[in-house]
Amino acid sequence: MTRIPVSGPWITEKEIAYVTDAVTNAWYENHASYHERFERGFERYLGVRHAVSLPSCTSALHLALAALGIGPGDEVVVPDVTWIATSAPIRYVGAEVVFADIDRSSWCLAADAFEAVITSRTRAVIVVDLYGNMPDMAAIREIATRRGIAIIEDAAEAHGSEQQGRKAGAFGDVGVFSFHGSKTMTTGEGGMLVTDRTDLFERVSCLRDHGRAPGDRHFFNREIAFKYKMSSMQAALGLAQLERIDELITRKRQIFEWYRAGLAGLELQLNSESEGTKNTYWMVTALMPRLGATKERWMELLSERGIDSRPFFHPLSSIPAYAGTPQAIAAAARNVVSYELGPWGINLPSGLNLDEVTVMRVCEAVREIAAQLA
Ligand SMILES: *Cc1c(COP(=O)(O)O)cnc(C)c1O
């Protein structure tokens, strides 16, 4: 029996045709044609003014923080449960990370936990649309606005998710996306930064191109900055995926529905979707505190049955990268929900190549293991 991978893209003839055209023709006067189409298309899709294609979401977060002028002495709040790419760029700019607790149902930043960790040094909050879900944006926005704190929305896992009719990524001062091969839409590696703020867009355009003023042809750099760009071949792949985004999201939601039906009756908690939010279920995730084994054990038991899975993110404040830092020590004592849920969740196979039969094979395996553990 073939192994079932945990994630992966859906590539069709359209993607192959666009990339082939890019590698053939997107040079000389056409060198930016696919970037143009991809970025303008992304702006239209999200309903935002500016989109900038980048090599990764990590670089988009780095640029967002740099463009907001965040640096030494500043604090940036992140949810404790997320991928380290959300928090690492805070260190790149010399600022301090503050880990806040998550909401028990959405698994995203809890608004009251965010408010509780704000200090006079808090300059920004990075909200994360975890596994395709979204936090209570209205509540977070109200707090951030009242306290003069910038919002960066990490929508790396939430292409096409919505809240109150607005698309994920369009809620903050800046939104960022990932097109890593595991994500809902891919460019192999890649990212996008979006914003309605023309001041930030102009700052990002300069910072991502070695400190050149837009249009500079004289190599007359204004400052030392960064080089963050995507290739035409990646932009072509991204454009093809963007033109198929509805189909990709429909498949993600279908996969979730198959799991929901296949796992019904078991004592586990799957991704939630609250009133007014559309979850695109990047990773179908099961929290199973009452099924008798930690996430590490579940991953082993599934692996023995040919099924790949991933752990629900450990609280960032608990991993070696932040060990011993005052912020990690404070968070470990404070973030009750992150630590309570952390050990018990796994991401089930959620690749776009899944069919119903394969999802049922996974559900059967989960049922068998749960019965053995009981
Ligand atoms: C994947 C991911 C990123 C990083 O994306 P890259 O394109 O790999 O840099 C950032 N934040 C979250 C929440 C992610 O899942």
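Things to note:
- In the complete set of protein chains, residue-level accessible area for Lys278 is approximately 70 Å², probe 1.4 angstrom.
- From its DSSP helices (H runs of at least four residues, each -39,500 (n - 2.57)), the chain gives a residue-normalised ellipticity at 222 nm of -11500 deg cm²/dmol.
- Calculated accessible area for the chain comes out at 42 Å² per residue, all protein chains present (probe 1.4 Å; ligands, DNA, RNA ignored).
- Within the accessible area of segment 13-243, the carbon and sulfur atoms contribute 53%, probe 1.4 Å, all protein chains present.
- Largest first, the residues Lys14, Lys229, Lys183 sort by 1.4 Å accessible area into Lys229, Lys14, Lys183.
- Ranking by accessible area, most exposed first, for Thr277, Thr2 with a 1.4 Å probe: Thr2, Thr277
- Most to least packed among 280-286, 17-23 [average Cβ atoms within 10 Å]: 280-286, 17-23
- nm² value of the averaged projected area, convex hull over the Cα atoms of segment 35-162: 7.6
- Protection proxy ranking for 102-110, 86-94, 215-223, using the average of other Cβ atoms within 10 Å per residue and placing the highest first: 102-110, 86-94, 215-223.
- Additional length obtainable on full extension of the chain from Ile224 to Asn353, 0.36 nm per residue less Cα span: 42.1 nm
- Estimated vicinal HN-Hα couplings, Hz - segment 90-105 in sequence order (Karplus 6.51, -1.76, 1.60; Gly, Pro = x): 4, 5, 4, 8, x, 8, 9, 8, 10, 8, 10, 6, 9, 7, 5, 9
- Note on segment 245-373: with neighbouring protein chains present and a 1.4 Å probe, carbon and sulfur make up 54 percent of its accessible heavy-atom surface.
- Gyration tensor (alpha-carbon) shape descriptor, the chain, a/c threshold 1.5: oblate
The values are calculated or read from the model by the stated rules, or taken from the named source; none is laboratory data. The structure presented is a predicted model; accordingly, all values stated were derived computationally and were not measured. When we count neighbours, we look across all protein chains shown, and the Cβ atoms used for this are built from the backbone with ideal geometry, even at glycine. Only protein heavy atoms, including side chains, enter the accessible area calculation; ligands, DNA and RNA are left aside. Shrake-Rupley method; radii C 1.70, N 1.55, O 1.52, S 1.80 Å.
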